[in-house]
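The values are calculated or read from the model by the stated rules, or taken from the named source; none is laboratory data. Nothing here was measured: the structure is a model prediction, and the numbers come from that model. As a convention, Cβ positions derive from the backbone with ideal geometry for all residues, glycine included, and neighbour counts pool all protein chains shown.
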Amino acid sequence: MKTEHKKYLSLGIGVFLLYLCIRYWDPLISVILSCLSAAVPLLVGCALAYVLNLLMTFYERHYFPKSTKNSVTKSRRPVCLLIAFLTLLVILAVVIGLIVPQLISCIGLLAEEIPEASQKTIAWLGEHHLLTDEVLKQLKDFDWTTLLNNVSGLLTSGIGSVFNIVVNTVSTLFSTIITIFVAVVFSIYLLSSKEKLAKQSDRLMRRYLKPCLIDKIEYVLDNLNTCFRRYIVGQCTEAVILGVLCLIGMLILQLPYATMISALIAFTALIPFAGAYIGSIVGAFMILTVSPGKALLFLIFIIVLQQLEGNLIYPRVVGSSLGLPPLWVLAAITVGGGMFGIIGMLLGVPLTATLYRIVRADIRKGKDTPSEAPKERAEI
């Protein structure tokens, strides 16, 4: 009787909570979004700590591994954590230093070349009689210089008063600085006491959850950690290889902006499949300001490099480490990018790989006995 009463009570509580969620759905979503917005610095800190942990554990394995001195043991964690932070800062500084200055100069050069390039294009269209005389006259009379000045003035002055723009810029900048500062501090706390936090989480789960549920949670978390770790390491390795190959090829072909474009392609290659194409489009656009012929040569080269990367590098470096078929990788990128943009593209692949591993392991556990199983069965 007591067991039945508990079942009915649990069912009643569940139905009541479901009713509350349906009845107050909009306020509930508003509260959840407010909590997520307030927790952004902590979430960023968790993501930063996870990435830094990969570097920190690598340095810890090589920081006097055979030494048993107390001073070395105590200094291992802070020293390796500091080196991990410095490594990440150096990588970001190199990427920004290579890309941003040349990108700014390219935009300026492009703004200067647009009027002359447009007139040459109009003249070419007129010589081949591809447009009517009326349309050609309107295009010739169009003042590109005035348009660029208006766009530049709009970007510099903005919409509204200068005071409001300054206030919004300062507040956004201050909020970003606070978010980064809190995220960095939180990540330091997480990394410096990760073993203690793991023990506390384990005690908490064992106090309030059943052992079978704890095993399932740990199994899912272990798969998540494995997939994310392999994905991050594989993507970074693949990005470096692609960037180096792009740099070597552009130097051989004597293409402009070789260092900057190679760094850009390596950086955007962190986004699986689509990232390198984004960097290639930007690179071709920048080379176009120097020479259309070299831009076409760059596109041909990058297509060949993409085929090499897609068929040889990516499957060996990333695909084999995750064990996720290309079909599901493409589906994860498409759905994740459509729902959450670039963040969805980055997180879609490891999350899908985790789900794939769990489902595949569960299906393999439920396979038929050898006598009953068919002779040929397609593996998932």
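Taking region 285-309 as the range and being at pLDDT below 85 and under 16 Å from residue 266 (Cβ atoms) as the test, the residues that pass are 286, 306, 308, 309.
Restricting region 218-262 to residues that are polar (S, T, N, Q) and surrounded by 17 or more Cβ atoms within 10 Å (Cβ to Cβ) leaves a set whose member that is farthest from the chain's Cα centre (by Cα) is 223. Hey, does region 51-69 have a residue that's loosely packed, with under 12 Cβ neighbours inside 10 Å, under 30 Å from residue 186 (Cα atoms) and aliphatic (A, V, I, L, M)? Within region 51-69 (the criterion being loosely packed, with under 12 Cβ neighbours inside 10 Å, under 30 Å from residue 186 (Cα atoms) and aliphatic (A, V, I, L, M)), the answer is no, since none of the residues qualifies. Every condition in (1) under 30 Å from residue 264 (Cβ atoms); (2) touching a residue at least 12 places away in the same chain (Cβ under 8 Å) is met by residue 93 except one, and the failing one is (2).
Scanning region 179-193 for residues that are hydroxyl-bearing (Ser, Thr, Tyr), assigned to a helix (DSSP H, G or I) and surrounded by fewer than 18 Cβ atoms within 10 Å (Cβ to Cβ) yields 179, 189, 192.
Just to be sure before I move on: is residue 60 at pLDDT 85 or above and charged (D, E, K, R) in the structure I sent?
For residue 60, the condition - at pLDDT 85 or above and charged (D, E, K, R) - is met.
Considering only residues that are out of contact with any Ser or Thr (no Cβ under 7 Å at 6 or more places or on another chain), in contact (Cβ under 8 Å) with a residue 40 or more places away in the chain and surrounded by 16 or more Cβ atoms within 10 Å (Cβ to Cβ), which ones fall in region 70-80? Walk me through it before giving the result.
The initial filter retains those residues of region 70-80 that are out of contact with any Ser or Thr (no Cβ under 7 Å at 6 or more places or on another chain), namely 70-76, 78-80.
Right, trim to in contact (Cβ under 8 Å) with a residue 40 or more places away in the chain and you get 78.
Passing the criteria: none in range.
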